[in-house]
Amino acid sequence: MIRISTLALVLSCAMVNAGPQLRVTPVMHQTAAYYSSSCVTVAGMGFGGGVQMVYGKNLVAQTDANILWANGNAFSTRFALGVHREGCWQPAVFGTFDLLWGQRTEVLTAAGRRPATPVWAIGMRATPLRFNGSYGYASALELGYGIAPDQGMMLEVTILSGGIRW
Amino acid sequence: MKLLHIGAIVPFFILCCSPSAPDINGAGVAVEVADDVVTANLMPWIEKLAAVRMMDTHVNCEGFKEEELFPACDLNRDAAVKLVTEAFTSMGFKADTIALGEGPQTAYNITAEYPGTTRPDEVLLVASHLDAYYTGADDNSSAVAATLETARAVRKHSFARTIRFMAFDLEEFGCLGSTRYFEAGHGHDVVAAIVMDMIGYASYKSNSQKSIMGIKLPDKGDFLLVIGNEASATMTQRMVAMGNTFDLAKLVGIIAPGDGGYFLSMAFMRSDHGLLWYNGIPALFLTDTANFRNPNYHKTTDIPATLDPDFLASNTRALAAAVAIFAEVQK
């Protein structure tokens, strides 16, 4: 998963040397996430923003940061790398690596230690309702599922996401 | 190369943020206080309270709606007020009744103090509520008994801080007794608190423990939950570490986010510590998780025979040790 995040970062930073086949789109979205393990519960609804990069015809990567409210003020940093269909309707599937920071409910160890920060999850995200146009894209109901240490799992729903290119 | 460095930040940050163990220096002396808890003293208090509660009149329930888990018109407290007052007095404390409010729902809070030696103006509050539905063995005679036995045990020792033992009234009516107590300014000198609500019911069967609002807990209900918020995180860590390390009791610690007043942590606010949390005063909440474990919660079946005396004794020992360490027991 570190390699995935590294690759996402490499792609985002490669903007400087972007060739003709790399398209970079700033994105914003509404999102909700629920992370639960035997040590930590993070949850909330909120919004965020980031960058989506399409390389060539089918390769797509996205990195974004989000704030989540419901169980304190939590933050997520998401890295995703995937493939999408060509055309106007561009459903995509991503492999994801998420980091969660900020406030959460913690279960201590028997020795009284607090769980580490941040917590992370690795998983998949499907974006079946993703549409591309000349000036950007729009996507609704993106569904993600991840697994995490300590019998953890993560669910995320991006309700609406969009980006504009210029 | 520069880009590789950016990618390396993520695993480095995960590693560098691993937390350290809490400081439990001085726990050895605190355990000596715990050793003064007498197991045989606990259940008789609960049986006496159950007996007098059965004969007691009910608190006027005007303004409260009766529901399955909140039989508002079956709340009693008068006999418990009398018994708890007499219990503190018999141990040599000066017990005071602080009446707050007006009319039939006046709250009668009982307080008894053990003065600190070097910093008597700093008060550690040790509290449980004395009102109960029906016989109220677990809810909340178990915690009242632990309060009384801890009060008896600490008198053999001296502490830097004052320990204020309290039995709050009308917790079941929305923490009326404690809310009025703090709003009237009586708690201005409280620097830390331990509040208990139901600490005597255990089950050793699998799946006897339900999760609380999605928080994963062990599936056997054989532990005491020690709940803190961000302000009392260190207290929570210390009590859990001490209790488990010295085998005083089986403790599971939870830290709620922020002040605890968020949607997913509201279940952790259900007792007299809530106002302390909102006001930023470090407070621990000890519980057997109430209806998330005990099927007798707020029912006529909440009787002494359903409690686990050994579990209650262990929890009382952990309480006494925590009181000792937070009131700064002196060697």
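The values are calculated or read from the model by the stated rules, or taken from the named source; none is laboratory data. Quantities reported herein were computed from a predicted structural model and do not represent experimental measurements. Methodologically, a virtual Cβ is constructed for each residue, glycine included, from the backbone with ideal geometry; neighbour enumeration extends over all protein chains shown. Only protein heavy atoms, including side chains, enter the accessible area calculation; ligands, DNA and RNA are left aside. Shrake-Rupley method; radii C 1.70, N 1.55, O 1.52, S 1.80 Å.
Kindly evaluate B:MET198 against the criterion of being open to solvent by less than 30 Å² (accessible area, probe 1.4 Å) and either touching a His at 6+ places or on another chain (Cβ under 6 Å) or not in a loop (DSSP other than H, G, I, E, B) (or both). Criteria not met by B:MET198. Does B:PHE326 satisfy the criteria of being surrounded by 23 or more Cβ atoms within 10 Å (Cβ to Cβ), under 16 Å from the mean Cα position of the chain (by Cα), closer than 23 Å to B:GLY274 by Cα and aromatic (Phe, Trp, Tyr)? Yes: the conditions hold for B:PHE326. Within region B:259-284, the set of residues being open to solvent by less than 10 Å² (accessible area, probe 1.4 Å) and at the interface with chain A (Cβ under 10 Å from one of its Cβ atoms) comprises B:GLY260, B:SER265, B:PHE268. Only a single item in (1) open to solvent by less than 10 Å² (accessible area, probe 1.4 Å); (2) away from every other protein chain (no Cβ under 12 Å); (3) more than 30 Å from B:MET54 (Cβ to Cβ) is not met by B:GLY253, and it is number (2).
Can you spot a residue in region B:154-168 that is in contact (Cβ under 8 Å) with a residue 24 or more places away in the chain, assigned to a helix (DSSP H, G or I) and of a type in the set (Ser, Thr, Tyr)? No: region B:154-168 contains no residue that is in contact (Cβ under 8 Å) with a residue 24 or more places away in the chain, assigned to a helix (DSSP H, G or I) and of a type in the set (Ser, Thr, Tyr). The residues in region A:121-134 that are within 13 Å of another protein chain (Cβ to nearest Cβ) and surrounded by 22 or more Cβ atoms within 10 Å (Cβ to Cβ) can be counted, and the count is 1.
Among the residues making up region B:220-243, a single one is among the small types (Gly, Ala, Ser), within 8 Å of another protein chain (Cβ to nearest Cβ) and surrounded by fewer than 23 Cβ atoms within 10 Å (Cβ to Cβ): B:ALA233.
Counted as qualifying within region A:28-143 are the strands (runs of 3 or more DSSP E) with 3 or more residues that are closer than 30 Å to B:GLU230 by Cα and within 12 Å of the chain's Cα centre (by Cα), namely A:40-55, A:59-70, A:73-84, A:92-102, A:119-127. Considering only residues in region B:106-149 that are part of a strand (DSSP E or B) and over 19 Å from B:VAL190 (Cβ atoms), the one that is most open to solvent (accessible area, probe 1.4 Å) turns out to be B:TYR108.
The residues in region B:83-105 that are open to solvent by 60 Å² or more (accessible area, probe 1.4 Å), touching a residue at least 12 places away in the same chain (Cβ under 8 Å) and under 20 Å from B:SER141 (Cβ atoms) can be counted, and the count is 1. Against the conditions (1) buried (at least 18 other Cβ atoms within 10 Å of the Cβ); (2) assigned to a helix (DSSP H, G or I), B:ASN291 satisfies every one except (1).
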